[in-house]
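The values are calculated or read from the model by the stated rules, or taken from the named source; none is laboratory data. Please read all numbers here as calculations on a predicted model, not as lab measurements. Reconstructed Cβ throughout: ideal geometry from the backbone, glycine too, with neighbour counts over all protein chains shown. For the accessible areas, the whole protein counts, side chains as well, though only heavy atoms, and no ligand, DNA or RNA atoms are used. Shrake-Rupley method; radii C 1.70, N 1.55, O 1.52, S 1.80 Å.
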Amino acid sequence: MGLLSGAEEVEMATVCSLPLSFSSISVVEVKPDDFQHQGLRIHNALRCNFNVVGLQVLVPGEAHSLGDSISAQDRYQRLIALLNQVHKFEVLLCFMNTESNVGYGRVWKIVIEDDHEAQGLARLLASSGATHDPTRIWVTMHGARGIACLLRSSTAPADMPSKYEDYVSYRSCFFPSLCDLAFVSDSCLDVPVLPTGCKGDLAHMARSLGVTSHSSDLVTPCYGVT
């Protein structure tokens with residue numbers, strides 16, 4: 001689908017939207033030389049109230065534990081050491097509304113090959129209005145490394161904050177409304193005692209939170225939105 005102009009392009013975000021449960025949602029790979037056009041599409045999706053941003057960042061080495069028994073500062077230092085070795089990663093983005101519809105009926109797949117492309121991605125997200133805005137609700141699942149990876153892209157070539165407390169403030173500036181479903185699952189007392197013993201499964205979380213529709217409706221109780 002070529003880039004349309006004006007009101008037509010804005011309308012397409014809604015007309016082509018699909019429910020999150022549909023298997024026909026497409027995955028569109030975005031090349032760095034197309035960041036400007038795709039940034040306009042993201043901006044238009046946000047204008048149409050697709051304000052819930054689903055994010056997954058695939059970072060090499062993310063399966064390695066940072067250690068649960070050490071302090072937050074030590075875990076943060078290990079995270080920075082890991083990210084300093086990462087120059088290639090993959091980002092999956094989709095933009096949803098409160099009816100669980102995905103804007104344009106697509107997921108953006110962005111493969112970052114080097115630091116220059118990573119900086120371009122950071123500019124894309126900022127210029128489209130996806131970051132620095134509390135009305136944009138970013139939702140991840142075990143997303144600490146991915147969020148940190150995006151933040152490192154925005155700071156380059158400067159270093160990330162050295163103190164964990166400063167990093168938290170920096171992260172809140174870029175992502176004022178951020179929800180990690182895995183973190184929320186730890187706060188749902190009913191989840192650990194379900195018969196299967198599964199912790200963090202979206203369907204189990206939904207039942208614990210009283211959600212009876214799509215799993216994406218978890219966004220509402222995550223933020224206490226009524």
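Scanning segment 11-47 for residues that are in a helix (DSSP H, G or I) and either of a type in the set (Val, Ile, Thr) or under 22 Å from Ile137 (Cα atoms) (or both) yields a total of 16.
Looking across segment 92-107 at every residue that is closer than 21 Å to Arg171 by Cα and out of contact with any helix residue (DSSP H, G or I) (no Cβ under 7 Å at 6 or more places or on another chain), the one that is most open to solvent (accessible area, probe 1.4 Å) is identified as Leu92.
Of the residues making up segment 69-89, those that are outside any loop (DSSP other than H, G, I, E, B) and either open to solvent by 50 Å² or more (accessible area, probe 1.4 Å) or farther than 27 Å from Arg136 by Cα (or both) number 7.
Just to verify a result, which residue in segment 108-127, among those that are in contact with a strand residue (DSSP E or B) (Cβ under 8 Å, 6 or more places away or on another chain) and surrounded by fewer than 18 Cβ atoms within 10 Å (Cβ to Cβ), is nearest to Leu55 (Cα to Cα)?
Lys109
Here's the yes/no breakdown for (1) open to solvent by 50 Å² or more (accessible area, probe 1.4 Å); (2) over 19 Å from Leu124 (Cβ atoms); (3) at pLDDT 85 or above:
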position: Ser5; (1), (2), (3): yes, yes, no
position: Cys16; (1), (2), (3): no, yes, yes
position: Leu20; (1), (2), (3): yes, yes, no
position: Ile25; (1), (2), (3): no, yes, yes
position: Lys31; (1), (2), (3): yes, no, yes
position: Gln36; (1), (2), (3): yes, no, yes
position: Gly39; (1), (2), (3): no, no, yes
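Candidates Thr131, Thr135: the one that is part of a loop (DSSP other than H, G, I, E, B), modelled with pLDDT of 90 or more and buried (at least 16 other Cβ atoms within 10 Å of the Cβ) is Thr131. Of the residues examined, Val57 is one that is closer than 22 Å to Ala158 by Cβ and not in a loop (DSSP other than H, G, I, E, B). Evaluation of Met96 against the conditions (1) closer than 20 Å to Leu151 by Cβ; (2) at pLDDT 90 or above; (3) among the aliphatic types (A, V, I, L, M) shows that the sole unmet condition is (1). When each of Val193, Val219, Val211 is tested for being buried (at least 17 other Cβ atoms within 10 Å of the Cβ), more than 15 Å from the chain's Cα centre (by Cα) and modelled with pLDDT under 80, the lone residue that passes is Val211. Picking from residues in segment 91-118 that are of a type in the set (Val, Ile, Thr) and part of a strand (DSSP E or B), the one that is farthest from Val30 (Cα to Cα) is Val102. Under 8 Å between Cβ atoms, which residue pairs at least 6 apart in sequence (or on different chains) link something in segment 23-40 that is closer than 15 Å to Leu93 by Cα with a partner that is open to solvent by 90 Å² or more (accessible area, probe 1.4 Å) and among the basic types (Lys, Arg)? Close Cβ pairs satisfying both conditions: Phe35/Arg123.
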